[in-house]
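Here's the structure we're looking at; comments come further down.
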Amino acid sequence: FEAVTEYRKFKHGEAVGWGMIAALGYGRELGLLSKDEAARLIRLIHRVGSLPSIKGISLERLWDAFLRDKKFRSGNIRMIFLRQPGEAEIRGGIDPASLRHFLRGFLESGGELN
């Protein structure tokens, strides 16, 4: 989120917060984390402080930045997911189409997860 907005809109911690929320939502969508636990953790992130809106962020710009990130190596997308608090898992082989679909909805909703 920092790179997409040329480091003008988000402080590092705010970008990390949005990244954590997105990872929790995508992990929930993949069935790695329950809906209730994901919602609880997202509420905790929001309690730390308000986050700038992600409305208007382009999926294409976000995707381009994502592909330049350390999580993308040699065509393999790797992400860290929680199965439950305190139990993280690094998972590779993330399906790009599935992730793009999730991110499209995530951005369109302004980061709200249903």
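The values are calculated or read from the model by the stated rules, or taken from the named source; none is laboratory data. Remember, it's a predicted structure, so these values are computed and weren't measured experimentally. Cβ coordinates were reconstructed from backbone atoms using ideal geometry, including for glycine residues, and neighbour counts include every protein chain displayed. Just the protein is used for accessible areas: all its heavy atoms, side chains included, with ligands, DNA and RNA removed. Shrake-Rupley method; radii C 1.70, N 1.55, O 1.52, S 1.80 Å.
Tell me, which residue of region 103-114 that is free of Cβ contacts under 8 Å to residues at least 40 places away in the same chain and not acidic (Asp, Glu) is most open to solvent (accessible area, probe 1.4 Å)? So that I can check it myself, show each step before the final result.
The first filter runs over region 103-114 and keeps only residues free of Cβ contacts under 8 Å to residues at least 40 places away in the same chain, leaving 105, 108-109, 112, 114.
This time we only want the ones that are not acidic (Asp, Glu), so: 105, 109, 114.
Values: Gly105: 36, Ser109: 40, Asn114: 145 Å².
Across region 103-114, the extreme among qualifying residues is Asn114.
Quick check, is Arg100 loosely packed, with under 14 Cβ neighbours inside 10 Å, in contact with a helix residue (DSSP H, G or I) (Cβ under 8 Å, 6 or more places away or on another chain) and in contact (Cβ under 8 Å) with a residue 40 or more places away in the chain? Break it down into steps so the answer makes sense when it comes.
Values: loosely packed, with under 14 Cβ neighbours inside 10 Å: no; in contact with a helix residue (DSSP H, G or I) (Cβ under 8 Å, 6 or more places away or on another chain): yes; in contact (Cβ under 8 Å) with a residue 40 or more places away in the chain: yes.
So Arg100 fails the test.
As an exercise: evaluate Leu44 against (1) among the aliphatic types (A, V, I, L, M); (2) surrounded by 13 or more Cβ atoms within 10 Å (Cβ to Cβ); (3) farther than 18 Å from Lys9 by Cβ and give the number of the one condition it does not meet.
(2)
Quick check on my filter: what residues within region 58-103 are in contact with a strand residue (DSSP E or B) (Cβ under 7 Å, 6 or more places away or on another chain), not in a loop (DSSP other than H, G, I, E, B) and not aliphatic (A, V, I, L, M)?
The answer is Phe66, Phe81, Arg83, Glu89, Arg91, Pro96.
Residues being closer than 15 Å to Ala22 by Cβ, open to solvent by less than 50 Å² (accessible area, probe 1.4 Å) and over 12 Å from the mean Cα position of the chain (by Cα): count how many of those fall in region 71-97.
2
How about region 19-57: which of its residues are within 25 Å of Gly93 (Cβ to Cβ), in a helix (DSSP H, G or I) and free of Cβ contacts under 8 Å to residues at least 12 places away in the same chain?
Across region 19-57, the qualifying residue is only Lys35.
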